[in-house]
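Beneath this line is the structure, given in structure tokens, with notes to follow.
The values are calculated or read from the model by the stated rules, or taken from the named source; none is laboratory data. Please read all numbers here as calculations on a predicted model, not as lab measurements. Methodologically, a virtual Cβ is constructed for each residue, glycine included, from the backbone with ideal geometry; neighbour enumeration extends over all protein chains shown. We work out accessible area using only protein heavy atoms, side chains counted, and drop any ligands, DNA or RNA first. Shrake-Rupley method; radii C 1.70, N 1.55, O 1.52, S 1.80 Å.
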Amino acid sequence: NAGVTQTPKFQVLKTGQSMTLQCAQDMNHEYMSWYRQDPGMGLRLIHYSVGAGITDQGEVPNGYNVSRSTTEDFPLRLLSAAPSQTSVYFCASSYYGRRNTEAFFGQGTRLTVV
Amino acid sequence: TQLLEQSPQFLSIQEGENLTVYCNSSSVFSSLQWYRQEPGEGPVLLVTVVTGGEVKKLKRLTFQFGDARKDSSLHITAAQPGDTGLYLCAGLNFGNEKLTFGTGTRLTIIP
């Protein structure tokens with residue numbers, strides 16, 4: 001029962017570096033999304049996808065890119081890391097088109113940008 | 001941006017007491033979910049309420065969806081230390097089905 005797998009679990013970047021956070025799910029979910037979690041702000045949506053080849057922006061997309069070439073994978077790319085991107089990042093997946101759908105989350109990636 | 005405000009932000013009570021957490025918005029949602037998050041883990045779904053006015057019970061937890069589908073509450077009876085955690089409400093938007101999360105309530109139950 002893998003569910004949603006995120007890698008890495010921890011990462012330290014220098015300002016200006018780029019990196020990709022990986023997310024994979026094995027539940028054949030159409031809907032995948034990336035959130036960031038900062039103290040006192042709950043989870044904020046960065047990007048989401050309703051299926052392979054389809055992505056859209058969430059609340060806080062600036063500085064991040066995504067692609068969805070397969071149903072299983074939804075990587076998040078940081079183009080040029082900034083200290084403001086220090087956060088905990090969560091990937092989630094769920095079925096699409098159901099009001100009682102459940103979002104399954106990965107364990108998170110704790111990113112520090114110095 | 002649709003906002004979901006949760007109150008209180010922090011709550012620390014003695015074991016055995018009752019408590020209520022509120023989740024309020026000016027937007028109407030298709031459904032409302034409650035998640036619980038432990039340190040170092042992702043949120044885990046507790047319940048989904050779909051119909052305005054709906055009440056769902058999960059052992060000592062009672063969830064209610066407002067009649068106008070804009071707000072929700074979580075009531076815990078006889079709180080136990082195992083209830084400690086971060087509680088997040090989340091509204092499912094009509095159409096694009098984005099899940100908007102609340103600001104969170106960090107609950108601590110003191111033995």
* To do: Inverting the mean 1/r over all pairs of different Cα atoms, compute the Kirkwood radius of the protein assembly as shown and quote it in Å.
  => 17.9
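FRET efficiency for A:Glu59 and B:Asn18, Cβ-Cβ distance as r, R0 = 30 Å, nearest 0.05?
Working: r = 34 Å, r/R0 = 1.13.
Working from the Cβ atoms, E equals 0.30.
Of all beta bridges DSSP finds with both residues in the range B:3-111, what is the antiparallel percent, to the nearest 5? Write out the running numbers ahead of the final one.
Details: 36 of 41 bridges.
Antiparallel bridges make up about 90 percent of those DSSP assigns within the range B:3-111.
Using only atoms on other chains, find how many Cβ atoms lie within 10 Å of each Cβ of peptide B:86-98 and report the average.
Values: counts 2, 0, 3, 1, 3, 0, 6, 0, 1, 0, 4, 12, 7.
Other-chain Cβ atoms within 10 Å of each residue's Cβ, averaged: 3.
For chain A, with every protein chain kept in place, what is the accessible area per residue (1.4 Å probe, Å²)? Spell out each step's value before the answer.
Numbers: 5350 Å² over 114 residues.
Result: 47 Å² per residue.
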* Asked: Taking +1 at the Cβ of each Lys and Arg and -1 at the Cβ of each Asp and Glu, which of A:Gln22, A:Gly40, A:Ala103 sits farthest along the dipole of chain A towards its positive end, judged by Cα position relative to the Cα centre?
  -> A:Gly40
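By the gyration tensor of its Cα atoms, with a ≥ b ≥ c the square roots of the eigenvalues, what is the shape of the range B:54-111: rounded for a/c under 1.5, prolate for a/b over b/c, or oblate?
oblate
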* Asked: Per 10 Å bin, what percent of the C-alpha pairs of the range A:58-114 does each bin hold, from zero upward?
  -> 19, 46, 29, 6, 0
* Just the number, please: carbon plus sulfur as a percent of the accessible area of chain B, 1.4 Å probe, no ligands or DNA/RNA counted. => 52
* Asked: Which far-off residues, 5 or more places away or on another chain, put their amide H under 5 Å from the one on A:Gly3, with H placed in the peptide plane?
  -> A:Asp26
* To do: Treating each Cα of chain B as an identical point scatterer and ignoring solvent, apply the Debye formula and state log10 I(q)/I(0) at q = 0.18 Å⁻¹.
  => -0.83
* Structure fact -> So, for the Cα atoms of the range B:6-53, Rg and Dmax in Å stand at 13.2, 35
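Taking the Cβ-Cβ separation of B:Ala78 and B:Gln9 as r and a Förster radius of 22 Å, what is the calculated FRET efficiency to the nearest 0.05? Can you show the working numbers first?
Working: r = 23 Å, r/R0 = 1.04.
So, using R0 = 22 Å, E works out to roughly 0.45.
Between chains B and A, what is the buried accessible area in Å², counting both sides, with a 1.4 Å probe and ligands, DNA and RNA left out, to the nearest 100? Write out the running numbers ahead of the final one.
Numbers: alone 5930 and 6320 Å², together 10340 Å².
Chains B and A together bury approximately 1900 Å².
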* Asked: Taking only the alpha carbons of chain A, what extent do you get along each of the three principal axes, in Å, biggest first?
  -> 40, 30, 28
* Asked: Residue by residue, what Karplus-based ³J(HN,Hα) values in Hz, rounded to whole numbers, does the range B:94-111 have, using 6.51, -1.76 and 1.60 with θ = phi - 60° and x for Gly and Pro?
  -> 5, x, 7, 6, 6, 9, 9, 8, x, 6, x, 10, 8, 9, 10, 9, 8, x
